């Protein structure tokens with residue numbers, strides 16, 4: 001035995017026990033050498049059964065069919081293997097000599113480990129298994145066909161379109177809806193409350209749905225959001241009045257809150273190893289924002305005042321169509337999310353949502369609380385200071401819970417740890433507040449004959465056409481933003497957008513009446529387009545590049561929160577500014593009443609410019625490194641586009657675990 005080459009295995013007797021280092025052989029190839037008493041390794045599992053989840057999407061149905069076919073093939077192969085194993089065992093027992101010697105051919109003798117052998121024989125083409133896995137990880141698509149991928153891209157783009165459609169177009173439709181309603185009684189929530197409700201619920205619930213999407217995948221929240229949006233856009237389409245309109249707008253915000261983080265979760269799952277396609281899909285998703293913004297204005301302006309309800313019916317039909325498209329095209333989100341060790345922060349979710357709603361309600365109702373007692377300040381009424389104090393207390397409790405109580409907070413403090421993230425968020429709140437004031441006040445501002453010099457003011461499709469530069473400029477800037485982000489620092493881009501934010505409302509506040517479109521309205525539109533698109537894109541890139549992989553979903557949600565939370569707060573604050581700016585002005589004649597109204601609008605625009613100025617000040621002072629500071633070791637923690645190394649950012653959960 002010592003004289004045998006090392007490459008050949010020793011002879012074995014059939015009566016001796018097999019050595020522990022025996023080479024595993026493929027059972028289908030050498031079935032006669034296996035003992036029939038050995039448990040078969042090809043035993044199929046139970047046959048897949050149908051369930052409600054199997055029919056939740058067309059891709060799930062395809063997967064269910066594939067699983068059943070694979071089970072049937074495995075069952076047939078297992079039966080054939082059993083028959084071959086039994087036949088080989090009988091021949092082995094009847095025909096073999098007393099002490100047979102089994103010689104393995106040299107071609108089967110290698111230096112591989114048993115695990116490598118089993119892996120090699122377990123799959124077809126085993127010699128190239130490592131290369132195949134690498135190629136599949138890099139290039140294999142989660143979609144069954146390119147048409148399904150195109151449908152997925154269209155579905156997520158439609159959600160961005162619907163979001164901007166319902167926000168921007170409602171600014172045109174709202175005056176028509178309020179024409180037949182009156183603000184009566186103490187505690188009336190005023191004109192902008194239906195507009196603020198959508199953005200308020202959207203911003204308040206984004207973190208909750210972001211956590212749900214991270215825990216269970218994005219497909220479920222995505223489909224829920226589409227069907228929920230369809231329901232609550234159909235309802236105001238039939239009765240767009242009073243409390244029904246307000247509840248519907250709140251539920252629309254809830255639906256949009258479910259859609260936004262679900263989109264980012266699915267994109268991260270489907271394009272995990274394909275950065276080029278991922279960036280393209282994200283760019284397509286963002287490019288639909290100005291399109292939806294402008295289409296909302298066009299539809300809202302083209303509809304007659306008595307048919308404004310069709311604005312919601314169109315959105316409902318688009319939601320149903322998008323839901324059907326998503327059911328057909330969106331594949332299963334297969335990411336294993338148990339390893340992320342995430343759980344819902346119920347304490348934080350409750351106190352954040354309740355606090356934001358109560359504070360916004362108090363600010364909204366304040367201008368109308370003292371309409372029957374003009375001598376008193378609105379903040380002295382219980383209907384104002386009660387919700388304001390309660391909401392502030394809830395937000396303080398939420399702050400404590402997120403920082404020191406929750407094991408898995410919705411918004412960890414470490415999200416703001418990279419240098420510049422916190423001042424960036426504060427500046428964006430001021431910037432987006434300015435945009436909300438400019439957008440909703442300008443839509444009513446242009447309805448005045450005094451402002452436009454046109455009999456009856458700008459109405460319908462003419463009003464929509466005035467906003468054309470805002471949409472066209474947004475589309476152009478979506479293309480240029482990628483180029484700008486790689487050639488200029490974040491602070492430079494934010495300073496440019498901040499100057500545009502200041503200029504857009506300041507033009508309307510400073511120029512005399514009537515306005516000249518080409519010299520006054522057009523520059524304001526271009527400034528607004530420059531401000532909103534530069535700020536939104538720069539914020540998205542900066543927050544994403546400054547955060548580790550675990551916080552990427554939160555980064556996408558925070559960007560949307562900044563936009564909608566700022567708008568939900570700025571609209572009632574602008575009403576407060578208008579109220580106190582005109583409270584002592586006479587309104588005895590029609591001319592005096594019109595002059596008072598125009599002065600209130602001008603002061604609201606001044607507030608918008610002042611808000612943008614505060615954001616610009618934050619950018620200049622806190623976003624850049626002062627000249628008297630030298631270069632520090634924490635240079636990596638600057639929020640610069642693409643310069644942050646995500647692996648360097650600690651997480652609050654890891655710190656707590658340590």
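The values are calculated or read from the model by the stated rules, or taken from the named source; none is laboratory data. A quick note: this is a predicted structure, and the numbers were derived from the prediction, not measured. We place every Cβ from the backbone using ideal geometry, glycine too, and count neighbours over all the protein chains shown.
Taken together, the residues in the stretch 449-475 that are farther than 19 Å from residue 511 by Cα and under 38 Å from the mean Cα position of the chain (by Cα) amount to 15.
Please work out if residue 581 is buried (at least 18 other Cβ atoms within 10 Å of the Cβ), at pLDDT 90 or above, in a helix (DSSP H, G or I) and touching a helix residue (DSSP H, G or I) at 6+ places or on another chain (Cβ under 6 Å).
Working: buried (at least 18 other Cβ atoms within 10 Å of the Cβ): yes; at pLDDT 90 or above: no; in a helix (DSSP H, G or I): yes; touching a helix residue (DSSP H, G or I) at 6+ places or on another chain (Cβ under 6 Å): yes.
Answer is no for this residue.
With the requirement that a residue be assigned to a helix (DSSP H, G or I), modelled with pLDDT of 75 or more and under 18 Å from residue 212 (Cβ atoms), what does the stretch 324-353 give you? Explain how you work it out, then say what you get.
Going through the stretch 324-353, the residues assigned to a helix (DSSP H, G or I) turn out to be 324-329, 338-340, 346-353.
Still in the list and also modelled with pLDDT of 75 or more: 324-329, 346-353.
Of everything in the stretch 324-353, those that are assigned to a helix (DSSP H, G or I), modelled with pLDDT of 75 or more and under 18 Å from residue 212 (Cβ atoms) turn out to be 326, 346, 347, 348, 349, 350, 351, 352, 353.
All of (1) farther than 25 Å from residue 290 by Cβ; (2) at pLDDT below 80; (3) part of a helix (DSSP H, G or I); (4) touching a helix residue (DSSP H, G or I) at 6+ places or on another chain (Cβ under 7 Å) hold for residue 455 with one exception: (3). Of all residues in the stretch 386-400, none satisfies being part of a helix (DSSP H, G or I) and either under 24 Å from residue 528 (Cα atoms) or at pLDDT below 85 (or both).
Within the option set 632, 651, being under 29 Å from residue 392 (Cα atoms) and modelled with pLDDT under 50 holds for one residue only, 651.
Only one entry of 399, 395, 410 meets the criterion of being crowded, with 20+ Cβ neighbours inside 10 Å and farther than 20 Å from residue 620 by Cβ, and that entry is 410. Selection of the stretch 584-602 for residues being without any contact (Cβ under 8 Å) to a residue 40 or more places away in the chain and surrounded by 16 or more Cβ atoms within 10 Å (Cβ to Cβ) yields 595, 596, 600.
Looking at the structure I just gave you, is residue 475 surrounded by fewer than 23 Cβ atoms within 10 Å (Cβ to Cβ), in contact (Cβ under 8 Å) with a residue 24 or more places away in the chain, part of a helix (DSSP H, G or I) and outside the structural domain of residue 165 (by TED's automatic domain parsing)? For residue 475, the condition - surrounded by fewer than 23 Cβ atoms within 10 Å (Cβ to Cβ), in contact (Cβ under 8 Å) with a residue 24 or more places away in the chain, part of a helix (DSSP H, G or I) and outside the structural domain of residue 165 (by TED's automatic domain parsing) - is met.
Against the condition assigned to a helix (DSSP H, G or I), free of Cβ contacts under 8 Å to residues at least 12 places away in the same chain and under 28 Å from the mean Cα position of the chain (by Cα), how does residue 437 come out, does it pass? Break it down stepwise before answering.
Working: assigned to a helix (DSSP H, G or I): yes; free of Cβ contacts under 8 Å to residues at least 12 places away in the same chain: no; under 28 Å from the mean Cα position of the chain (by Cα): yes.
When the stated conditions are applied, residue 437 does not pass them.
Of all the listed residues (462, 491), the sole one being closer than 24 Å to residue 288 by Cα, not assigned by TED's automatic domain parsing to the domain that holds residue 176 and not in a loop (DSSP other than H, G, I, E, B) is 462.
Looking only at residues of the stretch 270-313 that are surrounded by fewer than 16 Cβ atoms within 10 Å (Cβ to Cβ) and outside any helix (DSSP H, G or I), we find that the one that is farthest from the chain's Cα centre (by Cα) is 304.
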